[in-house]
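Everything below concerns the one structure shown next.
Throughout, read-outs are computed from the coordinates displayed, never taken from laboratory work. These numbers come from a predicted model, not from an experiment. FYI the Cβ positions are ideal-geometry reconstructions off the backbone, even for glycines, and counts take in every protein chain you see.
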Amino acid sequence: MKKFTKEQTHQAMKLAHVIRSEAAQNLNCKKSDIDFSICLKQAYSQIQEQQEITYQEWFNYYQENKKYFYGILYKKYKGEDTEDILQLTHQKIMEYFNRKGTIKFIHRHKIFEYMVLDSIKKHNKIIKNSSHNPSISTGFNNQQERIIITDDTQKQNIINLKITLQEILTSKQLEIVSLLEEGYGKTEISSLLGISREAVYKSIRLIRKKLIAAGIYKTETA
């Protein structure tokens, strides 16, 4: 973790005195009876929780505490595809950091737990789709991401559609389309992308207009 600045050290000292006073009041004893070093340690811990960390700093912490993170994963998912879920979770965490830049240290475990649940949802949807359609199977692409594999004709149609979408939609709009395909609701998309629900609704309306203009999407009256 980052070293504490002089300002943070001064803040920790003041906070430690507050913690000591509150502890003495709660225990109905003198402040001198409370170990100041313990209060100072608690103060530093509280300040550290509010520090902003980068993806690399989070990943270093993850590497040092793998057992704890694996415990979160196994508690949420007990299937056979644990490595798939873990890989997808890390991918989503990287994407989140790319959008946000940093997170507070206090959220170091929550972001993993949230992305594990998100990854389980996506993974289960892929499996469900493949089981409902015998012509669909799953595998890994060059980035080691689990994808749906179809026959050559279906794959070519999908490739052509993706190329067309990339030509007419922005990167943010493509991301929204991808999340909609995965079954996410507008509120979930808003949370995942860090934008307002109104922005999501507006983007979907613009996407629909572009698809209609390109002849990809037809209205009921068309």
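Could you calculate the contour length gain from MET94 to GLU64, that is, 0.36 nm times the residue separation minus the distance between their Cα atoms, to one decimal place in nm? All intermediate terms of the calculation are to be shown ahead of the outcome.
Numbers: separation 30, 0.36 × 30 = 10.80 nm, distance 1.78 nm.
Full extension from MET94 to GLU64 adds 9.0 nm.
Between ALA199 and ILE168, what is the FRET efficiency for a Förster distance of 22 Å, r being their Cβ-Cβ separation, to the nearest 0.05?
According to the calculation, E is roughly 0.70.
Separation of the stretch 1-57 and the stretch 70-112 by C-alpha centroid, Å?
With the stretch 1-57 and the stretch 70-112 each reduced to a Cα centre, they are spaced 29 Å.
Pull up all non-local amide H partners of ILE103: gap of 5 or more, or a different chain, and H-to-H distance under 5 Å with H placed in the peptide plane.
It is ILE53, by chain and number.
Would you mind computing the Rg to Rh ratio of the stretch 1-123 from its alpha-carbon coordinates, Kirkwood style for Rh?
Working: Rg = 18.9 Å, Rh = 16.7 Å.
So for the stretch 1-123, dividing Rg by the Kirkwood Rh gives 1.13.
Among 47-56, 85-94, how do they line up from the highest to the lowest mean number of other beta-carbon atoms within 10 Å?
In descending order of packing, they fall as 85-94, 47-56.
What is the packing order of peptides 60-67, 20-27, taking the mean over residues of other C-beta atoms within 10 Å and listing the highest first? It would help to have the intermediate numbers written out before the result.
Details: 60-67: 11.6, 20-27: 13.6.
Ranking, from highest mean packing down: 20-27, 60-67.
What residue among HIS10, ALA23, TYR44 has its Cα farthest toward the positive end of the dipole of the stretch 6-49, where the charges are +1 on Lys, Arg and -1 on Asp, Glu, each on the Cβ?
Result: HIS10, furthest along the dipole toward the positive end.
Compute, for the stretch 52-140, the length of the dipole vector about the Cα centre, with Cβ point charges of +1 (Lys, Arg) and -1 (Asp, Glu) only. Units Debye, rounded to 20. Could you put the intermediate results ahead of the total?
Values: 15 positive and 10 negative charges, 68 e Å.
Dipole about the Cα centre, nearest 20: 320 debye.
Tell me whether the stretch 52-140 comes out rounded, prolate or oblate; compute the Cα gyration tensor, take square roots of the eigenvalues as a ≥ b ≥ c, and use a/c under 1.5 as the rounded threshold.
Values: a/c = 2.77, a/b = 1.91, b/c = 1.45.
Taking the square roots of the gyration eigenvalues as a ≥ b ≥ c, the stretch 52-140 is prolate.
Can you list the HN-Hα couplings for the stretch 202-210, worked out from phi with the Karplus curve (6.51, -1.76, 1.60; θ = phi - 60°), rounded to whole Hz and with x for Gly and Pro?
5, 5, 5, 5, 5, 4, 4, 4, 5
Within 10 Å of each residue's Cβ, count the other Cβ atoms and sort LYS100, LYS122 from fewest upward.
LYS100, LYS122
With 10 angstrom as the radius, rank SER190, SER171 by how many other C-beta atoms surround their C-beta, starting from the fewest.
SER171, SER190
So how do ARG99, ARG108 line up by other beta-carbon neighbours within 10 Å, fewest first?
ARG99, ARG108
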